[in-house]
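Here's the structure we're looking at; comments come further down.
The values are calculated or read from the model by the stated rules, or taken from the named source; none is laboratory data. Owing to the predicted nature of the structure, the values given are computational and were not obtained by experimental measurement. Note that we place each Cβ from the backbone using ideal geometry, even for glycine, and neighbour counts take in every protein chain shown. Only protein heavy atoms, including side chains, enter the accessible area calculation; ligands, DNA and RNA are left aside. Shrake-Rupley method; radii C 1.70, N 1.55, O 1.52, S 1.80 Å.
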Amino acid sequence: MPAREVVVGSRIGLHGRPAAIVVKTAQAQPVTVRISIAEKPPVDARSIIAVLALGAHGGDTVTISADGDGADAALDAMAEVLAKDLDA
């Protein structure tokens, strides 16, 4: 299963608007993307509740993973969004 580590670019982390953008990006992927932080188990990145519950702050490193056809492209898209400052 391909996986990548990404530093959260949004100053406020994955809360509110940035979390919603991350979830929307995950929902647009042809495969299920999972996201985790530190020692917490991975969660479905398509779930706003699950993403908010991670408690990821700006500068934290998260791990994203996906499996199946299109997994690498999905991880590219997710990594790009996660690394951006979505607070603007």
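Scanning the stretch 38-51 for residues that are of a type outside the set (Val, Ile, Thr) and crowded, with 17+ Cβ neighbours inside 10 Å, we see that the one that is farthest from VAL23 (Cα to Cα) is PRO42. Selection of the stretch 55-68 for residues being open to solvent by 30 Å² or more (accessible area, probe 1.4 Å) and within 15 Å of PRO2 (Cβ to Cβ) yields THR63, ASP67, GLY68. Counting the residues of the stretch 52-63 that are of a type in the set (Val, Ile, Thr) and under 17 Å from GLY16 (Cβ atoms) gives 1.
Surrounded by 17 or more Cβ atoms within 10 Å (Cβ to Cβ), touching a Leu at 6+ places or on another chain (Cβ under 6 Å) and within 17 Å of LYS24 (Cα to Cα): does that describe ALA71? When the stated conditions are applied, ALA71 does not pass them. Listed by position, the helices (runs of 4 or more DSSP H) enclosed by the chain that each have at least 1 residues that are hydrophobic (A, V, I, L, M, F, W, C) and touching a residue at least 60 places away in the same chain (Cβ under 8 Å) are 16-27, 71-83. Among the residues examined, ILE64 qualifies as touching a Lys or Arg at 6+ places or on another chain (Cβ under 6 Å) and of a type in the set (A, V, I, L, M).
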